[in-house]
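**Student:** Here it is: the structure, laid out below.
The values are calculated or read from the model by the stated rules, or taken from the named source; none is laboratory data. Keep in mind it's a predicted model, so treat the numbers as computed, not measured. Quick reminder, even Gly has a Cβ in these numbers, built from the backbone with ideal geometry, and neighbours come from all protein chains shown. We work out accessible area using only protein heavy atoms, side chains counted, and drop any ligands, DNA or RNA first. Shrake-Rupley method; radii C 1.70, N 1.55, O 1.52, S 1.80 Å.
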Amino acid sequence: MLLQLENVLDATKLTNIREMLTKVTFVNGKHSAGHAANRVKNNEEMKQGTQQAEYLDHLLMGSLAENADFRSSALPYRVAQPVFARYTQGMQYGNHVDDPIMGGGAEKFRTDVSITVFLNEPEDYDGGELIISTSFGEKAVKLPAGSAVIYPSSSIHRVAEITRGERLAAIVWLQSMVRDPAQRELLYELDQARNTLLTSKPDAPETKQVDHSYVNLLRMWSEV
Ligand code: NI
């Protein structure tokens, strides 16, 4: 499932993030990619382990965590430190699937869900679409600043070459409580129906049935 999330970051946070990104150090993005992805990767990433990186990490992850659609569709269990990426003219990231395991030692986790958060406006650059292969063909995604797209980490995807300007994005990977994308999609849809019923008919028997089904399906399918 590809899902778009609007307004993950508001204008104030975006200004804040972009301002900070002008002051941090970016390094060649190849250092963080796996062997195969490395060959097709050409971008820059913010250097980790600095105070600014920690601040940006908290700002972004706090905003995502507040987003109900994010929580319901991704069902996050373990979440990686986000990567802030910069693509300038001529840069791109060819077709790849994301690394299956991230983190080190006890922090190791499986990547089930990838999230790209767009940090500057589509008018600021040409090219730079995130192109994701789906069973219905390729889908090109280029969203307003502050919006995000959620996709399975196992899907083949690429970032088209930037032909003008600069593209800023943050990428987050996570292990979901529910490993299977089809099960996550069913749970997400059922949760939507459940929330509608809980609002419109809070005391109806069918509301309770849908609520119980959702809760017990989550229990059946989650691994935590
Ligand atoms: Ni990727």
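**Student:** Taking the condition of being outside any strand (DSSP E or B) and under 15 Å from the mean Cα position of the chain (by Cα), how many residues in segment 101-124 meet it?
**Tutor:** Step one: list which residues in segment 101-124 are outside any strand (DSSP E or B), which gives 103-108, 111-112, 119-124.
So of that shortlist, the ones also under 15 Å from the mean Cα position of the chain (by Cα) come out as 111-112, 119.
Going through segment 101-124 one residue at a time, the tally reaches 3.
**Student:** Identify the residue in segment 80-90 that is outside any loop (DSSP other than H, G, I, E, B) and more than 11 Å from the ligand (Cβ to nearest atom) and, among all such residues, is most open to solvent (accessible area, probe 1.4 Å).
**Tutor:** At the first step, the residues of segment 80-90 found to be outside any loop (DSSP other than H, G, I, E, B) are 83-88.
Retained after the next criterion (residues that are more than 11 Å from the ligand (Cβ to nearest atom)): 84, 86-88.
Details: PHE84: 3, ARG86: 58, TYR87: 6, THR88: 43 Å².
Here the answer is ARG86.
**Student:** Among the residues of segment 39-56, which ones are open to solvent by 20 Å² or more (accessible area, probe 1.4 Å) and under 12 Å from GLN92 (Cα atoms)? Full working, then the answer.
**Tutor:** Keep residues of segment 39-56 that are open to solvent by 20 Å² or more (accessible area, probe 1.4 Å), which gives 39-40, 42, 44, 47-52, 54-55.
Once the filter is applied, which keeps residues that are open to solvent by 20 Å² or more (accessible area, probe 1.4 Å) and under 12 Å from GLN92 (Cα atoms), segment 39-56 yields ARG39, VAL40, ASN42, GLU44.
**Student:** Could you identify the single residue in TYR77, TYR93 that is in contact (Cβ under 8 Å) with a residue 12 or more places away in the chain, within 16 Å of the ligand (Cβ to nearest atom) and assigned to a strand (DSSP E or B)?
**Tutor:** Numbers: TYR77 fails: within 16 Å of the ligand (Cβ to nearest atom).
Every option except TYR93 fails the conditions.
**Student:** Of all the residues that make up segment 202-224, how many are open to solvent by less than 60 Å² (accessible area, probe 1.4 Å), outside any helix (DSSP H, G or I) and either within 16 Å of TYR77 (Cα to Cα) or of a type in the set (Ser, Thr, Tyr) (or both)?
**Tutor:** 1
**Student:** Out of LEU174, LEU130, I need the residue that is crowded, with 18+ Cβ neighbours inside 10 Å, under 18 Å from LEU64 (Cα atoms) and within 15 Å of the ligand (Cβ to nearest atom). Which one?
**Tutor:** On the way: LEU130 fails: under 18 Å from LEU64 (Cα atoms).
Checking each option against the conditions leaves just LEU174.
**Student:** Kindly state which strands (runs of 3 or more DSSP E) lie completely within segment 130-200 and contain at least 3 residues that are at pLDDT below 95.
**Tutor:** Numbers: elements: 130-134, 137-141, 148-152, 157-159, 162-176.
Fully inside segment 130-200 and qualifying: nothing.
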